[in-house]
1. Within segment 60-159, which strands (runs of 3 or more DSSP E) (wholly inside it) include 2 or more residues that are touching a Ser or Thr at 6+ places or on another chain (Cβ under 7 Å)?
2. Determine, yes or no, whether TYR117 is touching a residue at least 60 places away in the same chain (Cβ under 8 Å), surrounded by 10 or more Cβ atoms within 10 Å (Cβ to Cβ) and touching a strand residue (DSSP E or B) at 6+ places or on another chain (Cβ under 6 Å).
3. For GLN146, all conditions in the list (1) without any contact (Cβ under 8 Å) to a residue 40 or more places away in the chain; (2) touching an Asp or Glu at 6+ places or on another chain (Cβ under 6 Å); (3) not aliphatic (A, V, I, L, M) hold save one; what is the number of the exception?
4. Mind telling me which of the residues LYS99, LYS67 ends up being within 15 Å of the chain's Cα centre (by Cα) and surrounded by 10 or more Cβ atoms within 10 Å (Cβ to Cβ)?
5. Within segment 31-54, which residues are surrounded by fewer than 16 Cβ atoms within 10 Å (Cβ to Cβ) and under 29 Å from LEU104 (Cβ atoms)?
6. Out of curiosity, is GLU98 among the acidic types (Asp, Glu), touching a Leu at 6+ places or on another chain (Cβ under 8 Å) and modelled with pLDDT of 90 or more?
7. Can you tell me which of (1) out of contact with any strand residue (DSSP E or B) (no Cβ under 7 Å at 6 or more places or on another chain); (2) part of a strand (DSSP E or B) is the one LEU13 doesn't meet?
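The values are calculated or read from the model by the stated rules, or taken from the named source; none is laboratory data. From a predicted model like this one, the values you see are computed outputs, not experimental measurements. With ideal geometry, Cβ positions are generated from the backbone for all residues, glycine too; neighbour counts draw on all protein chains shown.
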Amino acid sequence: MSAKKKTVPGELLVCRNPRATKLYDIEERLEAGLVLTGSEVKSLRNRRADLEGSYGAIEAGEAWLHKMHIAPYEQAGPFFQHEPKRRRKLLMSRQQIEKWQGKLTVRGYAIVPLAVYFKGGYAKVELGLGKGRKVHDRREELKRDQDLREARDAVRGAR
């Protein structure tokens, strides 16, 4: 599967986390629902969300999404607003939670949100079970990309 979320008709992409695929080797992907308030849904439909620094966790047999920023909805009154970076419950099957909880006990694994979108009128989040990349892995990848770029430029210049 590619790093980018493919949109199908009827889906509205809200936001994506491009740094996730750079910092983690994603081994498994999963679609989960989100438990949201009304003002959060309205704000998501306006694409006012950010996944920067957010992460998933399993606590007491339930899956949660921490630090996802959803901007306050301007038209909602002061009593109907939500906290922008509150933790949100993820809707996953019991078997999937237990499977991922077993993998999270292994050092270096994390639940990483990759994208948020609407599918069939419901807010969904694409989660990835990823293992953190080492700093030297990133340097090697950058060097390989730089060498490829230089070789491509040399071929273009020779014509």
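1. Passing ranges, in order: 62-66.
2. In short, yes.
3. (2) is the only condition that GLN146 fails.
4. When all the criteria are applied, what remains is LYS67.
5. Residues satisfying the conditions are GLU31, GLY33, VAL35, GLU52, GLY53.
6. Numbers: among the acidic types (Asp, Glu): yes; touching a Leu at 6+ places or on another chain (Cβ under 8 Å): no; modelled with pLDDT of 90 or more: yes.
The answer is no for GLU98.
7. In the conditions (1) out of contact with any strand residue (DSSP E or B) (no Cβ under 7 Å at 6 or more places or on another chain); (2) part of a strand (DSSP E or B), LEU13 misses (1) alone.
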